[in-house]
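Notes for the one structure printed next.
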Amino acid sequence: MKKIYFTVGPAQLYPTVDEHMRTAIAEQIGSVSHRGDFFESMYFDTAQRLKDFLSIPKDYHIFFISSATEGMERTIQNCVEHESFHFINGVFSQKFFTMSQQHYKDAKSYVVDISKLRDYNNITVPKNAEVIAITQNETSNGWMFLERDITAIKKSHPNSLVAVDIVSSVPYVKLDFSYTDIAFFSVQKGFGLPAGLAVVIVSPQAFEKAQYMEKQKTLIGSYHTFPSLAKYARDGQTPETANVLGLYLFSKVLKDMQENGIDKIRQKIEKNAHKIYDALSIHTTLTPLIQVPEHRSQTIMVAKGTALSEIHQRAKKNNLVIGKGYGEFEDTQIRIGNFPAHRDLDIEMLLKVLK
Ligand SMILES: *Cc1c(COP(=O)(O)O)cnc(C)c1O
């Protein structure tokens, strides 16, 4: 009996992945050259589809990298000469912040109080912050940043680059990319694909910063710099031997999701999130970790409580896998990934297990 994964990532595979994997084997995708016509057209097609699907401006760059963690590092290396500013709302944003320090940048931060509702567009950001780093959807605790706050932050800091981690909210997140300079995600969460591929979306303003730093002879890396990625992207290629299979599967699932329609996908996520939070709210041993409804993630539900091993047991009996709490909260919290890959039937089963 197949399991249904309600983990936060790697997560349940999108229902069509099975079939695309079989086609990939039949068509010998694993042996296709990353310098040939097939790959080139697949690259261009996927980048264009992603732009259409998420409404990304035409002049933005789409680069393929290996992980979201790499996306954080590329952001620091390519766009921060001296100083970065980080909203810290959980473990992943903390990692982004630490990475800036590891590069000997002057990293400053604002620690979000996840129990309160407030506007984040009136926080004092240092004038010299070159990058304002935001983890839009904290996978560690299920706290989400409102999209409109991100837009407002860019509007009031037009000279800073706003970098947004959208790993566990894409494609649900309704980010206005014209007010986002860098956004990155890996494909093993919301897109329901095997891990090993990630995307970084780069605005012209962020790209110019990397070019400027390169000209100043500031170290921006060597293997995956924004300029080196762009140089290859012009020919539909990547500097290294690409994850050809990963890109193939991504292109196929992206096409399937496009046919389904982004509005429909978003509505489904919201409808299911509502049901799951309702179930958690009336549960006898669980409560949602995030108390402020506006900041509750629609894709990552975290609940704290007791008798968690019984819940995991009951899930197992029904062939469901529910995520454990992050790190030190492994035994006191559960995390549920609510992604486009889940069918109505799966959600009904989850609700039954939670009852
Ligand atoms: C999973 C996750 C990451 C790390 O992704 P990798 O692909 O493993 O590097 C970063 N940020 C957030 C918010 C995540 O959920």
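The values are calculated or read from the model by the stated rules, or taken from the named source; none is laboratory data. Everything quoted here is computed from the prediction, not taken from an experiment. Glycine gets a Cβ as well: all are built from the backbone with ideal geometry, and neighbour counts include every protein chain shown. When the accessible area is computed, the model is the full protein with side chains, heavy atoms only, and any ligands, DNA or RNA have been set aside. Shrake-Rupley method; radii C 1.70, N 1.55, O 1.52, S 1.80 Å.
What the table shows:
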read-out	value
Any hit, the stretch 51-71, residues being among the basic types (K, R), surrounded by 14 or more Cβ atoms within 10 Å (Cβ to Cβ) and touching a residue at least 40 places away in the same chain (Cβ under 8 Å)	no
Unmet requirement for K324, which otherwise passes all of (1) basic (K, R); (2) over 28 Å from K174 (Cβ atoms); (3) over 21 Å from the mean Cα position of the chain (by Cα)	(3)
Yes/no for I300 being within 19 Å of N89 (Cβ to Cβ) and either of a type in the set (A, V, I, L, M) or open to solvent by less than 70 Å² (accessible area, probe 1.4 Å) (or both)	yes
Residue satisfying condition, being at negative phi, open to solvent by 20 Å² or more (accessible area, probe 1.4 Å) and without any contact (Cβ under 8 Å) to a residue 60 or more places away in the chain, within set Q102, Q77	Q102
Scan of the stretch 79-105 for residues that are in contact with a His (Cβ under 8 Å, 6 or more places away or on another chain), more than 12 Å from the ligand (Cβ to nearest atom), under 17 Å from I123 (Cβ atoms) and of a type in the set (G, A, S), ordered by number	none
Failed item in (1) under 30 Å from Q94 (Cβ atoms); (2) open to solvent by 10 Å² or more (accessible area, probe 1.4 Å), with G337 passing the rest	(2)
Condition check for V164: within 12 Å of the ligand (Cβ to nearest atom), surrounded by 15 or more Cβ atoms within 10 Å (Cβ to Cβ) and either modelled with pLDDT of 95 or more or closer than 23 Å to H61 by Cα (or both)	yes
Qualifying residue in the stretch 183-204 (condition: within 23 Å of the chain's Cα centre (by Cα), surrounded by fewer than 18 Cβ atoms within 10 Å (Cβ to Cβ), closer than 18 Å to K51 by Cβ and modelled with pLDDT of 95 or more)	yes
Any pair with Cβ under 8 angstrom, 6 or more apart, that starts in the stretch 34-47 at a residue that is more than 16 Å from V199 (Cα to Cα) and ends at one that is surrounded by 15 or more Cβ atoms within 10 Å (Cβ to Cβ) and not aliphatic (A, V, I, L, M)	H34/Q237; H34/T238; R35/Q237; F39/G236; F39/Q237; E40/G236; E40/Q237; S41/G236
Residue match in the stretch 174-183 (condition: of a type in the set (G, A, S), part of a loop (DSSP other than H, G, I, E, B) and away from the ligand (no atom under 15 Å from the Cβ))	no
Residue tally, condition more than 16 Å from the ligand (Cβ to nearest atom), of a type in the set (V, I, T) and open to solvent by 20 Å² or more (accessible area, probe 1.4 Å), over the stretch 106-125	2
Set F145, F97: member being closer than 22 Å to F185 by Cβ and open to solvent by less than 20 Å² (accessible area, probe 1.4 Å)	F145
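For (1) of a type in the set (A, V, I, L, M, F, W, C); (2) away from the ligand (no atom under 14 Å from the Cβ); (3) farther than 23 Å from L254 by Cα, each residue gets a yes or a no:
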position: T151; (1), (2), (3): no, yes, yes
position: N159; (1), (2), (3): no, yes, yes
position: V170; (1), (2), (3): yes, no, no
position: Q188; (1), (2), (3): no, no, no
position: F191; (1), (2), (3): yes, no, no
position: V202; (1), (2), (3): yes, yes, no
position: F207; (1), (2), (3): yes, yes, yes
position: I220; (1), (2), (3): yes, yes, yes
position: A230; (1), (2), (3): yes, yes, no
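Table: residues versus (1) part of a loop (DSSP other than H, G, I, E, B); (2) crowded, with 23+ Cβ neighbours inside 10 Å; (3) polar (S, T, N, Q); (4) touching a residue at least 60 places away in the same chain (Cβ under 8 Å).
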position: K127; (1), (2), (3), (4): yes, no, no, no
position: S140; (1), (2), (3), (4): yes, yes, yes, yes
position: N159; (1), (2), (3), (4): yes, no, yes, no
position: S169; (1), (2), (3), (4): yes, yes, yes, yes
